[in-house]
Structure formats: C-alpha cells, structure tokens
Amino acid sequence: MELEVRHLRALCAIAEAGSLHKAARQLGVTQPSLTAQLRRIERALDGELFLRDRTGCRPTPFGREVLGRARPLLDGMASLLAEARAAAGGPRLRVGSTASRALPGWLRRLRRRLPDTETSLLVDVSANALLRMVAAGRLDVAFVHEVEGSPLRIPSGLDVRVLVEREPQFVSLARDHPAARHEVVDLADLAGDRWMVDPSVDGEWAGLRRVLAAAGLDPPYLHADYHTAAALIVTGDAVAPCQPTSGPRDDMAIRPLRGDPLAVRLLLAQPPGADPAVYADLLAAYREAALTSAGYRSWLARAGSPLLGVA
C-alpha cells in the first residue's frame with residue numbers, strides 16, 4: 001500500500017482528537033473503518049504509530065516521528081490548494097490559531113458570513129510562529145494566547161486586538177485526586193504532584209515555573225504534548241494547567257486555581273485594513289465556548305465579566 005494524503009490526514013486527526021472515536025467523527029467515517037485504515041498504515045510503515053487503551057490513543061515515539069513529517073506535508077498541501085484557488089480568482093481567508101475550543105464556532109460563523117470565501121485553518125502551538133506568518137502574508141489572521149509574564153514577539157505592522165485581557169488557566173487532575181473535592185484548588189494542595197507541560201508552547205513552561213516558584217513549590221515536571229498529558233492525569237500521575245473552556249470528562253476533574261495565578265491574554269492579529277467583522281465572529285464564538293463550560297461560566301459570573309453580556 002502506498003501512503004496518500006488522506007492517510008496522513010487520518011493520522012493527524014487521530015493524534016489531535018486523542019481517540020479513534022472522536023477522529024472518526026471529525027473525518028466523517030465509522031470507527032471500525034478508521035481502525036482498519038490505521039492498521040493498514042501501520043503495516044505499510046512496519047511500525048506501531050499509536051498506543052490504544054481505555055483513555056484513547058497517544059502516539060508512540062515512532063508515531064511522533066511520522067506525525068512530525070506528516071503535518072508539514074499536509075500544511076504544504078493546504079497552502080498549495082489555497083494558492084491555486086487564489087490564482088484562479090476565488091476569495092480566501094487563511095486562519096491561524098493556537099488551540100482553542102472557540103475554533104469550531106469561529107469557523108462556522110466565518111463560513112456562514114462569507115459563503116463564497118475559501119476558509120482554511122492552521123493550528124500551531126507556537127503563537128510567535130503564527131504571528132510571523134501573518135506578517136509574512138502566509139496567513140490572513142491569527143488568534144493566539146500570550147502567557148502572562150512572557151510577552152510575545154509581535155512583528156511590526158500588524159493590527160492586534162485584545163479579545164480577553166486575562167483568561168485564567170484552570171488545572172486538570174484525576175477525579176479521585178483529594179483536591180478535586182474542592183470547587184477551587186489551592187496550589188499548596190498540589191505540592192506533591194508532578195506537573196505536565198508542553199515546552200513547545202511559547203512561554204508556557206517559563207510561566208508555570210515562575211508561578212509555582214512564587215508559591216514556594218519546586219515540583220518535578222514532565223514534558224509532553226497535552227494528548228499524552230491526559231493519559232497521565234486520569235491515572236493520577238500528573239496534573240496540568242488547562243484552558244477554562246476545556247470540556248467536561250468523566251475521568252478528569254477541571255478546577256479553577258485560587259487567586260488565578262496562571263493566566264493568558266487572548267489576541268487577534270491581522271494586517272492593517274483587514275475585515276473587522278472577523279473579530280466580532282471570534283468574540284461570539286469564544287463567548288459560546290466559555291458559557292458551555294460550567295466551571296468557567298461560574299468563574300465569569302463571580303468576576304462580573306462583560307463576556308456574560310456579549311451578544
């Protein structure tokens with residue numbers, strides 16, 4: 001069997017979704033057919049790409065190597081298609097973003113408002129890389145987060161608007177963790193835990209270390225992507241910061257931290273003169289995602305956030 005673009009797309013979908021079931025839904029196929037396709041791909045590559053257990057799928061070391069090569073190829077293909085369509089005269093909107101649960105709602109609004117525009121999406125862990133792509137004309141807009149205390153390197157010439165001045169970061173921990181019994185968690189209650197962090201996310205490791213050191217904590221750290229983190233969190237082997245819009249899980253607790261010591265600023269970057277309605281679409285999508293999360297909705301109410309009143 002020869003590998004095709006659709007096979008690479010399937011591998012990336014599995015890695016991003018963290019489970020075959022979720023990836024199959026995203027791809028519009030059945031889980032058995034995706035499972036069979038994965039087995040064929042693994043046979044073709046002569047190696048196991050994912051470890052499968054009751055918590056989902058996570059890449060093996062070999063799988064991470066393959067994914068590291070597959071993602072640039074898919075990005076290149078997406079760019080090729082977008083550029084070909086642009087050359088043919090069709091309007092396009094190239095969206096870049098760090099991970100966010102607001103993305104589906106944002107894309108839905110963009111496509112509804114701009115039905116004749118080809119909208120593409122590039123998700124990257126590096127906010128600085130996305131900003132550079134907007135400045136270089138490779139993206140039309142970027143939605144990024146800036147870790148508090150670790151300013152982004154914003155290229156000159158971009159229009160940058162603040163979506164949320166200070167978004168608190170919550171903590172994810174095992175359901176049976178003693179601190180999960182509380183509605184709000186003190187950092188001191190996590191003094192004996194290992195913290196999981198993805199060092200490839202701009203500013204995140206430095207920001208977390210700074211906050212924990214200020215609280216008098218010097219925990220061991222595990223470095224991995226957050227799909228891997230989930231598997232260790234549910235077994236009680238680690239805790240990790242997470243976005244407050246994170247969805248509920250039966251095997252994981254998500255709680256705010258007392259005093260909100262961890263926070264990010266959410267920014268939208270565009271070239272001068274770009275479509276201002278893109279910001280309004282994103283704000284509405286973010287509010288939708290925020291209010292879907294019961295824990296974040298309660299936090300916003302206590303904080304008296306204007307987000308609760310955004311239409």
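The values are calculated or read from the model by the stated rules, or taken from the named source; none is laboratory data. Since the structure is predicted, the reported quantities are computational estimates derived from the model, not experimental observations. Here the Cβ positions follow ideal geometry from the backbone for every residue, glycine too, while neighbour counts run over all protein chains shown. Surface accessibility is based on the protein's heavy atoms, side chains included, excluding ligands, DNA and RNA. Shrake-Rupley method; radii C 1.70, N 1.55, O 1.52, S 1.80 Å.
Remarks
- Within the range 30-57, the set of residues being of a type in the set (A, V, I, L, M, F, W, C) and surrounded by fewer than 16 Cβ atoms within 10 Å (Cβ to Cβ) comprises Ala36, Ala44, Leu51.
- Scan of the range 294-311 for residues that are touching a residue at least 24 places away in the same chain (Cβ under 8 Å) and part of a loop (DSSP other than H, G, I, E, B), ordered by number: Val310, Ala311
- Residue within the range 78-100 that is out of contact with any helix residue (DSSP H, G or I) (no Cβ under 7 Å at 6 or more places or on another chain), in contact (Cβ under 8 Å) with a residue 60 or more places away in the chain and open to solvent by less than 50 Å² (accessible area, probe 1.4 Å) present: yes
- Residue pairs meeting the criteria (Cβ under 6 Å; at least 6 apart or on separate chains; first farther than 13 Å from Glu16 by Cβ, in the range 43-68; second among the aromatic types (Phe, Trp, Tyr) and open to solvent by less than 100 Å² (accessible area, probe 1.4 Å)): Gly47/Phe62
- Unique residue being out of contact with any Phe, Trp or Tyr (no Cβ under 8 Å at 6 or more places or on another chain), open to solvent by 40 Å² or more (accessible area, probe 1.4 Å) and without any contact (Cβ under 8 Å) to a residue 40 or more places away in the chain when the list is Leu222, Leu217, Leu291: Leu291
- Pair list, Cβ under 8 Å, 6 or more apart: the range 245-268 residue among the small types (Gly, Ala, Ser), other residue open to solvent by less than 30 Å² (accessible area, probe 1.4 Å) and not in a strand (DSSP E or B): Ser246/Ser293; Gly247/Ser293; Ala253/His177; Ala253/Ala180; Ala263/Gln169
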